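Below: the structure, in structure tokens.
The values are calculated or read from the model by the stated rules, or taken from the named source; none is laboratory data. Not measured: the values here are computed from a predicted model. We place every Cβ from the backbone using ideal geometry, glycine too, and count neighbours over all the protein chains shown. Heavy atoms of the whole protein, side chains included, go into the accessibility calculation; ligands, DNA and RNA do not. Shrake-Rupley method; radii C 1.70, N 1.55, O 1.52, S 1.80 Å.
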Amino acid sequence: MFQEVNQRQIARITTGNLFSGNDEVLISQIAIDSRQILHPQKTVFVALRGAKADGADFIAQLAEAGVKTFLVHQDFEERAFPQACFIKVSDTRRALQLLAKYERSMFTNPVVSITGSNGKTIVKEWLGQILGQKYAVAKSPKSYNSQVGVPLSIFGMESYHQVAILEAGISRAGEMAALEEMIKPNLGIFTNLGTAHQEGFDSLDSKLQEKLSLFENSDLVIYCADHEQVSSQIEVLFPAEKRIGWSVRAGYEFTRSVKLKANGARLLLMKSDLSTHTFQVPFTDVASLENITHVIVAAMTLGQGAESIQEGIAHLKSVDMRLTLKPGINDSLLIDDTYNNDLAGLKVALDFMQQQRPKRRKILILSDLLQQGSPEKIYEEVTELIKKYQFDLLFGVGKEIIVLEKEFPESFRAFSSTEELLTNLDPESFANDMILITGARVFGFEEVVNRLQQRIHGTTLEINLNALTHNYNFYKKLLFPKTKVMVMVKAFAYGGGALEIANQIQTMGADYLGVAFSDEGVALRKQGIKLPIMVLNAMQESFGLCSKFDLEPVVFSSEFFESLAAWCTIHQQKMKIHLDMDTGMHRLGFEEKHLSELKNLIQANPQLEIASIYTHLVGADEEVHQEFSISQLKSFEEIKNQILQVLSYKPLIHALNSAGIVAFPEFQFDMVRLGIGLYGVEVTGKHEMALRAISTLKTTISQIKELNPGETIGYSRKGVLSSGGKIATLAIGYADGYDRRFSNGKGYVLINGHKAPIIGNVCMDMCMVDVSGMDVKAGDEAIIYGEKISLKELADQIGTIPYELLTNISTRVKRVYYLD
Ligand SMILES: *Cc1c(COP(=O)(O)O)cnc(C)c1O
């Protein structure tokens, strides 16, 4: 953080009331996460109230750990903590923003801010790298661009930074004002306008206007004038001397022409003073070309010479800059952060690691940080971070990182280059470890990841954990704050991978997990998942497992109740159970006619504690069944009231699944059961735009073939290209879960953004697509489904539902998890 402040100042900046604070305690760190505190004495902990949790719940524990300063809500009872200082405000999130605004106001070097619909993070990262050759750059970690992300990014700015690059993102009307007030950018970049997140806005125009308000106090705004709507708004809102437009047409500050070549493109930029500059860039796709043009124009505007910009571009690759969790060798978990190049990014990666389920050892492979500025200070901080996160083994690569050796004489191993590391790295020495691999671009740590990851065939299911959080919060917002959420992770978490998803859900603060069978619950427990787990279909043989692993079975009949009660009596155990009430599903469950028997059983068997009573709706997703759903809910209300009469305690009451939450929020009772919605499919169709796709199924092209007219493709000669053409063979088939019903043109995949229809029958491990006229080669990626191919559309195409497509993905397909 840029400027230290004392407790009294914090109170003044946030217009809060100070309780037992003074001028002496100097604060240099701000934390909103209780797990990320390095220097308790120097930290102010801001207790935010989120969908996940209330930060105030951690205060006792933090006060114990030595934190002295807390920003809390007005209603917090501070008297229990006489040793600490409390600053009380009406809204802690707002107070966090006011602190950020203050810190920003102390920073006198240029602040660049980027907003727009797509490309923000890429433009920020690339610009950061190019400027970083000459200047000490502070930039938002990952895509920290929200109401809380922006303040955290600002607190990452230090006195040695010469320029700051901050990303700003909004999802609904009215949010930009707070971001503007904090960031106060000197230079703005507007990337482009898309239709994403349209939900929160009246129209595209109002969204555009809101976004552009970020720059109302900026000196200059960079934009692409070829987007009609964008340029006409900017021309209305900003005077000519503030605008830096670039376009393929003449008449703007920069005119751009592009010449595509075999493995890149040449960009020619002509300035309005007629000076021209050419740049070789390693991309050919429209989006990357637009992004890099924004970056070049911004770097030139900030005074960087064309030659040094070109040098920076030569080091860029259109690499994956996501933080990714991958299966590693011998059951290890790899956290791949090979694009990371600064301290802020390292902190995000460490925090992500901390949230994963525990493994045998924690291992860090880290390169020099290559930041301009004050290296001693940076490595001091790295040292503190490593101490805090307690690694068992450290591999340092580079010339500077070696300074850590004296701090960690036992665990540090130094390598002067990546080659040297690779020569000495024995993959077999790792087993069941957590390995974080993080390094600056030039170190090429991809090779290290390659060496340590589990080898499998070319099909992967990528799961976006940020999208998962986004979807969770979408449903959370439809509920009262006190309503609990059970997340259904049955069937391998709808195909997404039960362990990692359950772990993420646990971090997000869900209350319960639901699985189909006991062994699913056992697997979760064995990997350290602590949430209560309800088992829909526990069998008689698994009562022992339920008891041993603290799993809570659903009881759906009197016979089941009796046998479980008897088991518990014999083994002198108590057990928590859930009662399933059949109000119309007619699958499992007690019906109304069983009620008096059930009540007797409950009274006679106190060793079974009723943790919850629930029912399940049969048609919450369809309006035609609305009346029936309501009758189910009404009858459930009666039934549960009757059961409550014989209980001296209060079990949880729940009825709604994903569709139910959207359709009947008035029946949320104590808890809801979230399934498909979390995984990105909004089955009622009412909020389709509000959810994000969480999974992308990808494979690669194994071979390309040219066919003559009339030649056939695949089994039973079903595929024919009557006038010949080109096909690609993909490494995915029905054994991977790619449904055979997609055969013969029913399905298609996306290759380089183009649709390629399935031709012939889908085989067991492969299928063929028509790529006639397309520029493709073996090794290219094919997207089976994801953000651009909706599951609903695919499911409709073969007469099924998204649930089936998701859960069919074979476990042999590698799951990879990332934060975007
Ligand atoms: C699977 C399941 C859910 C979740 O349903 P979605 O439609 O995926 O939200 C809820 N309750 C029960 C009993 C279930 O079996």
Cα gyration tensor shape for region 732-820, rounded if a/c is under 1.5, else prolate or oblate
rounded
Dipole magnitude of region 466-689, debye to nearest 20 (Cβ charges: Lys/Arg +1, Asp/Glu -1, about Cα centre)
780 debye
Count neighbours as other Cβ atoms within 10 Å of each site's Cβ, and list the trypsin sites (Lys or Arg not before Pro) in region 582-635 that are DSSP loop with at most 16 such neighbours.
ARG587
Could you compute the net charge surrounding LYS42? Neighbours are other residues with a C-beta less than 10 Å from the C-beta of LYS42; K and R count +1, D and E count -1.
0
Between region 586-643 and region 162-223, the Cα center-to-center distance that results, in Å
49 Å
Amide H to amide H, which residues 5 or more places from VAL137 or on other chains are under 5 Å from it, using H placed in the peptide plane?
GLN162, GLN372
Cα principal axis extents for the chain, largest first, Å:
89, 87, 60
Given backbone amide H placed at 1.01 Å from N, residues whose amide H is under 5 Å from that of LEU579, ignoring those fewer than 5 places away on the same chain, are VAL555, SER612, ILE613, TYR614
Contact order normalised by residue count of region 580-633, Cα under 8 Å, 6+ apart, percent:
39 percent
Rounded to the nearest 500, the 222 nm mean residue ellipticity computed for the chain from DSSP H runs (n ≥ 4, each -39500 (n - 2.57)) alone is -9000 deg cm²/dmol
Cross-link pairs beyond the 19 Å C-alpha cut-off, checked among LYS124/LYS207; LYS347/LYS377; LYS705/LYS777; LYS477/LYS686; LYS142/LYS476
LYS124/LYS207; LYS142/LYS476
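Relative contact order for region 695-819: what is it in percent, counting Cα pairs under 8 Å that are at least 6 residues apart?
Relative contact order, region 695-819: 29 percent.
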Largest first and to the nearest Å, give the Cα extent of region 323-454 along each principal axis.
39, 30, 28
Taking each pair of distinct Cα atoms in region 431-528 once, what is the resulting Kirkwood hydrodynamic radius in Å?
16.0 Å
Before anything else, pin down the relative contact order of region 369-428: Cα pairs under 8 Å, at least 6 apart, normalised by residue count, whole percent.
29 percent
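How much of the DSSP bridge set in region 323-454 is antiparallel, in percent, rounded to the nearest 5?
Looking only at bridges with both residues in region 323-454, the antiparallel portion is about 20 percent.
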Where nothing but the Cβ of Lys and Arg (+1) and of Asp and Glu (-1) is charged, how large is the charge dipole of region 566-697 around its Cα centre, in debye to the nearest 20?
540 debye
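Express as a percent, rounded to the nearest 5, the fraction of DSSP beta bridges in the chain (both residues included) that run antiparallel.
Roughly 40 percent of the beta bridges in the chain run antiparallel, per DSSP.
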With unit charges on the beta carbon (Lys/Arg positive, Asp/Glu negative), name the residue among GLY680, ALA663, THR712 whose Cα is farthest towards the positive pole of the charge dipole of region 587-714.
GLY680
Taking the Cα centre of the chain as the origin, how large is its charge dipole in debye, to the nearest 20, when only Lys and Arg (+1) and Asp and Glu (-1) carry charge on their Cβ atoms?
420 debye
Quick one: Karplus J couplings for region 552-561, per residue in order, coefficients 6.51, -1.76, 1.60, θ = phi - 60°, nearest Hz, x for Gly and Pro?
10, x, 7, 10, 10, 8, 5, 4, 4, 4
So, over other residues within a Cβ distance under 10 Å of ASN145, counting Lys, Arg +1 and Asp, Glu -1, the net charge is +2
What translational D, rounded to a whole number of µm²/s, comes out for region 466-689 from Stokes-Einstein when the hydrodynamic radius is the Kirkwood one over Cα pairs, at 25 °C and 0.890 mPa s?
138 µm²/s
Going by amide H atoms built from the backbone, whose H comes under 5 Å of the H on LYS718, apart from near neighbours?
ILE713, ASN761
For region 230-238, in residue order, the Karplus 3J(HN,Hα) values (coefficients 6.51, -1.76, 1.60; θ = phi - 60°; whole Hz; Gly and Pro = x) are 5, 5, 5, 5, 4, 5, 6, 7, 10
Placing +1 on each Lys and Arg Cβ and -1 on each Asp and Glu Cβ in the chain, then taking the dipole about the Cα centre, the residue among PHE238, ILE630, LEU260 whose Cα reaches farthest towards the positive end is LEU260
To check you understand DSSP bridge types, tell me what percent of the beta bridges within region 107-313 (both residues inside) are antiparallel, rounded to 5.
40 percent
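Which entries in LYS388/LYS814; LYS88/LYS650; LYS698/LYS746 show an alpha-carbon gap greater than 26 Å?
Violating the 26 Å limit, Cα to Cα: LYS388/LYS814; LYS88/LYS650.
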With a ≥ b ≥ c from the Cα gyration tensor eigenvalues, square-rooted, and the rule rounded for a/c under 1.5, otherwise prolate when a/b > b/c and oblate otherwise, region 5-92 is rounded
Quick one: 3J(HN,Hα) in Hz for region 401-408, Karplus 6.51/-1.76/1.60 with θ = phi - 60°, rounded, Gly and Pro as x.
4, 4, 4, 6, 4, 6, 6, 10
Give me the percent of accessible area attributable to carbon and sulfur for region 466-689, probe 1.4 angstrom.
52 percent
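Determine the sum of side-chain charges near GLU420: Lys and Arg each +1, Asp and Glu each -1, restricted to other residues whose C-beta is under 14 angstrom from that of GLU420. Walk me through the intermediate numbers first.
Details: positive: LYS399, ARG413, ARG451; negative: ASP368, GLU419, ASP426, GLU447.
Local net charge: -1.
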Counting other Cβ atoms within 10 Å, keep those with at most 11, restrict to DSSP loop, and tell me which GluC sites (Glu not before Pro) in region 9-105 are left.
GLU24, GLU77
